[in-house]
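Encoded as structure tokens, the structure appears first; notes follow it.
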Amino acid sequence: MKARVIVTLKSAVLDPQGKAIEGALRSLGVAGVQSVRQGKVFDVELAGNDKAAAEGALKEACDKLLANTVIETYRVEFAE
Amino acid sequence: MKARVIVTLKSAVLDPQGKAIEGALRSLGVAGVQSVRQGKVFDVELAGNDKAAAEGALKEACDKLLANTVIETYRVEFAE
Amino acid sequence: MDRTDLNVIPNTPSITPELVAEHGLKPDEYQRFVELIGREPTITELGIVSAMWNEHCSYKSSKVWLRTLPTKGERVIQGPGENAGVVDIGDGQAVVFKMESHNHPSFIEPYQGAGTGVGGILRDVFTMGARPVAALNALRFGDPHHPRTRRLLAGVVAGIGGYGNSFGVPTVGGSVGFHERYNGNILVNAMAVGLAKTDEIFYAAAAGVGRSIVYLGSKTGRDGIHGATMASAEFGADAEEKRPTVQVGDPFAEKLLLEACLEIMQAGCVVAIQDMGAAGLTCSAVEMGAKGDLGVELDLNAVPCRETGMSAYEMMLSESQERMLMVIADGKEEQAEAIFRKWGLDFAVIGKTTDTLRFVVKHNGEVMADLPIKELGDEAPEYYRPFTETAPRPVLGPSDVTHAVSVADALEQLIASPDLCSKRWVWEQYDHLILGNTVQRPGGDAAVVRVGEGPKALAMTSDVTPRYCEADPFEGGKQAVAEAWRNLTAVGATPIAVTDNLNFGNPEKPEIMGQVVGCVKGIGAACEALDFPVVSGNVSLYNETNGQGILPTPTIGGVGLIDDLEQSMSLAFKAAGEAIFVVGK
Amino acid sequence: MKAAVLLFPGSNREGDVARALRLVSGQEPKVVWHADTELPQGTDLVVLPGGFSYGDYLRCGAIAARANIMDAVRAHAARGGMVLGICNGFQILCEAGLLPGVLVRNAKLRFVCREVFLRVERADTAFTKSYRKGDLLRIPVAHGEGNYTADPATIQVLEGEGRVAFRYARADGHIDETDGPNGAINGIAGIYSEKLNVLGMMPHPENHVDPVVGTVDGRGLFESIVGALKAA
Ligand SMILES: Nc1ncnc2c1ncn2[C@@H]1O[C@H](COP(=O)(O)OP(=O)(O)O)[C@@H](O)[C@H]1O
């Protein structure tokens, strides 16, 4: 089973990388960019077919390791 | 308008980060993890409401800056 | 047929002239190979020979000239021909060093290209049993105003730092230059310096029949497999997706590989060792056998793979990074494996040495290649390419210079020029202090790195002035060596040996070949005169874009020895009121 | 003094800190493998050295913070034992929850290796007794992610309880966070735990202990530790 975990910075946390990219896109002349925030995505392959179990495992993975909840939030998605 | 760009390594490209995370999740005892690949996500705020124009601008942004298409692929998504 | 299953590619397609050309072999080279083996090769064999006989591995255009370089000296323990040069520095210690280019990959993907360049040269050094103690680099970029330059520069510098910093070696020196002739072909030359004990140097030559050949490090993927558009046609439209042309480096894996290798060397497990660089498994296995006058038999089913369904052809030509091949001492397999497992690395017995002098590759029980091992290396083509000497330029007199500026303006222009300005922005991104032995940091004439607890130290520098080489290759080659020598003596070191990285355009053009010949002769003359032997090096040819070659850029890496740090000098003025001397002509 | 230097896969300044400890204390520290579950008997100082544990993949220090040995380190700290984390060690301590906050990417997004001035914020802890309050130390940094941050409440607590150990300063001692090497909030270069027995810092005092290589401004930290342990 394939799942995707998306980890992003909490909105109150400064994102210097996003800011830098924002600036770079503007100077490249890409039209209409107002803001950019950068995050991480993890594509995870899981054994079995039990979506609930998988979701539980991935939440555990996020809390234990994938996200630093001091500054980040996460979301788990499943491919349809 | 909000858009999300997801940049991931092409499937045959080595992902040292994913590999290390995979190992760590296993040793933390998270059940059923078979493989992990890490990518980047950019949450972009764009001016206007023209989806086609925005998509064009973001593709340009990816080709010019956000992704190196020698090793990465990207996908542009719009929030519904 | 399932096109995604690469194993189904037959090992014996008919070898067409197109296929040969796609492998970079000239018709006469292919003919020579067919005569050598007495039959038509398999596709795996064609891949193997194309790897062994390409310019990069065989030095076919430069070899006749490299032979003219002085390579011997009282201190030289190992000159060119091994993974790196080895020079005695007394007290049972040796310095091990080499320089290598990663120009093309760095142009395509600057961060990864430069990083894997650093990774490759570090492996060359620790393969010899040396712990890397310093890294240097020499970089050339296009016109500072060219649209690509900024990103290439930023990416390369970050890539060198990203790899070296994580690996844990101080990057203590280098050079950065700009010229429009590098617009489409930047240069990334990386040098590594290590320390070993003179009686614990490890070599590539295999010894002993029936010994285990062991694969170590990261898994094999379809990285950087060259050549074959034939293959792409065969693999369908997603071939590009499946075969990354640029390798991603894993400095973390390399650091583990370093520690694991040094540990099993210490434990007496290693008979021979070779890193897998370009055309990894092919070059390393053939070299180990050929140098040791032994045959090699590999069973590819044992090779740790990152991808499913890899063919023999792909495994033999993969350039995946952070891998090593070793011959293990009898009965030491278990101990060696335990050490590698502890460091979390792959370890697999993938073959054995034989007394047949054949290079035999098996996959799924089938013989995919069976070639004479010595000839694969020794019988590589060697060319005495035609060359035209670079015509001397007219000497300019003071009256020929029209562009008159005031001294103040001239000074300002010089200081502001990207070639001369401070490179702090670059070297601040390199950890130049790790290991705690950096006595002279970047920014001076040569870096000085203490050996152990001192008082001994090594000095190191990399130098070349391409516009001199373009104007007069012979004098330019001499000058690069002389400059390295001066930089070393300026910090109080005795220059002991040189590594070089010869970067040129297309050698099939007589005027470019003339630059190669001129520069090598100049380097040779200077090294001879200064008793400054060349102990290792690398050649990078075909550096061209749109038919125009780069400036001839033979980078010289010099290493010197300081017996007592007390006698070392730095360039800063030490006190007010002291006399200033000018020495020399 | 019985010091234990932890070794994670990818650590690379363990030799530097071991050398500094040896130089100052005359004793060889023990190197402890990450997979072990116990510290050597009688350990009184645990050092988490600099480097790129697990390649700095995911987040700096994140994977190492979950290593086996860290439970023993937690227990040691809870008993009041001394713990010093330098650079990657600091990042690991934050990820492990032994210190608050987090170290994020440098504001300028580049790795930076250079000498900085550090202002000693208090000289009454076991780590700084050999200095005077307000001393300016010339010490190098070498990191890509040393930008200390935490939520305002945490910062307030740290500042209020005097738990900032060092700040990046100008040559004249003035603190201006835009001058610092990484953009850290309030110029924070190092912090203490509540009981002042755990110190995490980004700069590398272990690289400035020998006059042949840089300054000797880092010695005081190791001398303080040796002194404090002798007194204890
Ligand atoms: N320009 C040169 N000057 C001296 N020695 C050289 C030069 N180029 C290559 N060599 C030597 O030839 C041998 C093969 O080099 P190379 O193919 O770069 O090694 P590797 O197997 O690491 O790729 C090495 O021993 C190297 O030192």
Pairs only if they're at least six apart or on different chains, beta carbon under 7 angstrom, first in the stretch C:192-216 and free of Cβ contacts under 8 Å to residues at least 40 places away in the same chain, second open to solvent by 10 Å² or more (accessible area, probe 1.4 Å); list them, first residue then second. none
Could you please find all residues in the stretch C:489-506 being farther than 19 Å from C:Asp445 by Cβ and more than 13 Å from the ligand (Cβ to nearest atom)? C:Gly505, C:Asn506
I'd like to check something: does the stretch B:42-59 contain any residue that is surrounded by fewer than 16 Cβ atoms within 10 Å (Cβ to Cβ), facing another protein chain (nearest Cβ under 10 Å) and assigned to a strand (DSSP E or B)? yes
Tell me, which residue of the stretch C:252-273 that is open to solvent by less than 10 Å² (accessible area, probe 1.4 Å) and more than 24 Å from B:Gly23 (Cβ to Cβ) is farthest from the ligand (Cβ to nearest atom)? C:Cys269
Does the stretch D:200-223 contain any residue that is more than 23 Å from D:Glu14 (Cβ to Cβ), under 14 Å from the mean Cα position of the chain (by Cα) and in contact (Cβ under 8 Å) with a residue 40 or more places away in the chain? no
Which residues, counting only those in the stretch C:308-361, are in a helix (DSSP H, G or I) and within 14 Å of chain D (Cβ to nearest Cβ)? C:Ala338, C:Ile339, C:Phe340, C:Arg341, C:Lys342
Which of (1) within 14 Å of another protein chain (Cβ to nearest Cβ); (2) within 11 Å of the ligand (Cβ to nearest atom); (3) not aliphatic (A, V, I, L, M) is the odd one out, the single condition C:Thr116 does not satisfy? (2)
Six or more apart or on different chains, Cβ under 8 Å: which pairs go from a residue in the stretch C:526-551 that's part of a loop (DSSP other than H, G, I, E, B) to one that's among the aromatic types (Phe, Trp, Tyr)? Could you list them? C:Phe532/C:Trp485; C:Leu541/C:Phe504; C:Asn543/C:Phe504; C:Ile550/C:Tyr182; C:Ile550/C:Phe504; C:Leu551/C:Tyr182
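Out of all the residues in the stretch D:55-90, which are part of a loop (DSSP other than H, G, I, E, B), within 28 Å of C:Gly249 (Cα to Cα) and out of contact with any Asp or Glu (no Cβ under 6 Å at 6 or more places or on another chain)? Before you say what the answer is, go through the steps one by one.
Step one: of the stretch D:55-90, the residues part of a loop (DSSP other than H, G, I, E, B) are D:57-63, D:67-68, D:79-81, D:87.
Checking which are within 28 Å of C:Gly249 (Cα to Cα) leaves us with D:57-63, D:67-68, D:87.
Across the stretch D:55-90, the qualifying residues are D:Tyr57, D:Leu58, D:Arg59, D:Ile63, D:Ala67, D:Asn68, D:Cys87.
Looking only at residues in the stretch C:76-113 that are assigned to a strand (DSSP E or B) and open to solvent by less than 10 Å² (accessible area, probe 1.4 Å), which one is nearest to the ligand (Cβ to nearest atom)? Full working, then the answer.
To start, the set of residues in the stretch C:76-113 that are assigned to a strand (DSSP E or B) comprises C:76-78, C:80, C:82, C:85-88, C:93-101.
If we keep only those that are open to solvent by less than 10 Å² (accessible area, probe 1.4 Å) too, we end up with C:85-87, C:94-97, C:99.
Values: C:Gly85: 6, C:Val86: 11, C:Val87: 13, C:Ala94: 15, C:Val95: 14, C:Val96: 11, C:Phe97: 10, C:Met99: 9 Å.
Ranking the candidates gives C:Gly85 first.
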Single condition B:Gln17 does not satisfy, out of (1) open to solvent by 50 Å² or more (accessible area, probe 1.4 Å); (2) in contact with a Phe, Trp or Tyr (Cβ under 6 Å, 6 or more places away or on another chain); (3) over 21 Å from A:Lys2 (Cα atoms): (3)
I'm told D:Leu93 meets every condition in (1) open to solvent by 30 Å² or more (accessible area, probe 1.4 Å); (2) away from chain C (no Cβ under 14 Å) except one. Can you identify the failing condition by its number? (1)
Among the listed residues C:Gly85, C:Gly119, C:Gly81, which satisfies the condition of being under 29 Å from C:Leu376 (Cβ atoms) and either free of Cβ contacts under 8 Å to residues at least 60 places away in the same chain or in contact with a Cys (Cβ under 6 Å, 6 or more places away or on another chain) (or both)? C:Gly81
Test for C:Trp65: is it hydrophobic (A, V, I, L, M, F, W, C), more than 10 Å from the ligand (Cβ to nearest atom), in contact (Cβ under 8 Å) with a residue 24 or more places away in the chain and out of contact with any Ser or Thr (no Cβ under 7 Å at 6 or more places or on another chain): no
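Considering only the stretch D:122-138, state which residues are part of a loop (DSSP other than H, G, I, E, B) and crowded, with 16+ Cβ neighbours inside 10 Å.
Residues of the stretch D:122-138 that are part of a loop (DSSP other than H, G, I, E, B), as a first pass: D:122-135.
Selection gives D:Arg122, D:Ala123, D:Thr125, D:Ala126, D:Phe127, D:Thr128, D:Lys129, D:Ser130, D:Tyr131, D:Asp135.
Please enumerate the residues belonging to the stretch C:35-48 that are more than 16 Å from the ligand (Cβ to nearest atom), under 20 Å from C:Ala312 (Cα atoms) and in a helix (DSSP H, G or I). Give the steps one after another, and end with the answer.
Residues of the stretch C:35-48 that are more than 16 Å from the ligand (Cβ to nearest atom), as a first pass: C:35-47.
Next cut, under 20 Å from C:Ala312 (Cα atoms) only: C:37, C:39-47.
Across the stretch C:35-48, the qualifying residues are C:Ile37, C:Ile43, C:Thr44, C:Glu45, C:Leu46, C:Gly47.
The values are calculated or read from the model by the stated rules, or taken from the named source; none is laboratory data. Predicted model only: the values in this text are computed from it and were never measured. All Cβ positions, even for glycine, are placed from backbone atoms using ideal geometry, and neighbour counts span all protein chains on display. All accessible areas refer to the heavy atoms of the entire protein, side chains included, with ligands and DNA or RNA removed. Shrake-Rupley method; radii C 1.70, N 1.55, O 1.52, S 1.80 Å.
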